[in-house]
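Enquirer: Got a structure here, written out as structure tokens. Questions coming.
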Amino acid sequence: MIWTILIQLVFSYIATVTFAVITNVPKRALNACGLTGTFGWMFFWILKELGSGTAMATIAGAFVVAVASHFFAKFKRMPITIFNVPGIVPLVPGGLAYQAVRNFVLGEYTEAIGFSVQVTIVAGAIAAGLMLSEIFNHSIRRFREHKAKF
């Protein structure tokens, strides 16, 4: 079990940092990008291991990525997208998308549609998680501003 956790940690970090390098993220932000992706993936993976559905785990993972991105953006004084985009990569359903296209090409349309629906659900869950985090962060900001007035 400990090896599985370690493998999940290491490979989610490597995947995130690799994508960050490919997208020309500044060197001083690479470690923070890796941690952002790792936090999101581990939250997703733990929820899946505990029996949560893929959509709920993806929403939670995307939410964690967005919150961590917000934190690192403030800490590093850099735009939030520098951390958001690479951080979300481990959650992207690339394998499902591949299976959908593969089944379309092979003429297995029923299976292809099933995979396509799963891809759409996961992509929507990623968007929902990012949106919920933005609402959360905006609410906190408004609360602080309102509190500062009094």
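The values are calculated or read from the model by the stated rules, or taken from the named source; none is laboratory data. All values derive from a computational prediction rather than experimental measurement. As a convention, Cβ positions derive from the backbone with ideal geometry for all residues, glycine included, and neighbour counts pool all protein chains shown. All accessible areas refer to the heavy atoms of the entire protein, side chains included, with ligands and DNA or RNA removed. Shrake-Rupley method; radii C 1.70, N 1.55, O 1.52, S 1.80 Å.
Enquirer: State whether the residues of region 10-22 include one that is crowded, with 23+ Cβ neighbours inside 10 Å, in contact with an Asp or Glu (Cβ under 9 Å, 6 or more places away or on another chain) and not charged (D, E, K, R).
Expert: no
Enquirer: Based on this model, can you work out whether PHE104 counts as more than 19 Å from the chain's Cα centre (by Cα), free of Cβ contacts under 8 Å to residues at least 60 places away in the same chain and in a helix (DSSP H, G or I)?
Expert: Details: more than 19 Å from the chain's Cα centre (by Cα): yes; free of Cβ contacts under 8 Å to residues at least 60 places away in the same chain: yes; in a helix (DSSP H, G or I): yes.
Criteria met by PHE104.
Enquirer: Another question, then. Which of the residues that make up region 81-95 are of a type in the set (A, V, I, L, M) and open to solvent by 50 Å² or more (accessible area, probe 1.4 Å)? If you could, list the steps in order and put the result at the bottom.
Expert: Step one: of region 81-95, the residues of a type in the set (A, V, I, L, M) are 82, 85, 88-89, 91-92.
Result: VAL85, VAL92.
Enquirer: Something else about it: Would you mind finding the one in PHE19, PHE43, PHE11 that is of a type outside the set (A, V, I, L, M) and within 20 Å of SER133 (Cα to Cα)?
Expert: Values: PHE19 fails: within 20 Å of SER133 (Cα to Cα); PHE11 fails: within 20 Å of SER133 (Cα to Cα).
Just a single option satisfies the conditions, and that option is PHE43.
Enquirer: Could you run through region 48-79 and say how many residues are touching a residue at least 12 places away in the same chain (Cβ under 8 Å), crowded, with 17+ Cβ neighbours inside 10 Å and either in contact with a Ser or Thr (Cβ under 9 Å, 6 or more places away or on another chain) or among the small types (Gly, Ala, Ser) (or both)?
Expert: Total satisfying the criteria: 13.
Enquirer: Also, quick follow-up: Has region 110-122 got at least one residue that is touching a residue at least 60 places away in the same chain (Cβ under 8 Å), open to solvent by less than 60 Å² (accessible area, probe 1.4 Å) and assigned to a helix (DSSP H, G or I)? Break it down stepwise before answering.
Expert: Taking region 110-122 as the starting set, the residues that turn out to be touching a residue at least 60 places away in the same chain (Cβ under 8 Å) are 118, 121-122.
Imposing the further condition that a residue be open to solvent by less than 60 Å² (accessible area, probe 1.4 Å) reduces the set to 122.
Still in the running and assigned to a helix (DSSP H, G or I): 122.
Yes, because at least one residue in region 110-122 is touching a residue at least 60 places away in the same chain (Cβ under 8 Å), open to solvent by less than 60 Å² (accessible area, probe 1.4 Å) and assigned to a helix (DSSP H, G or I).
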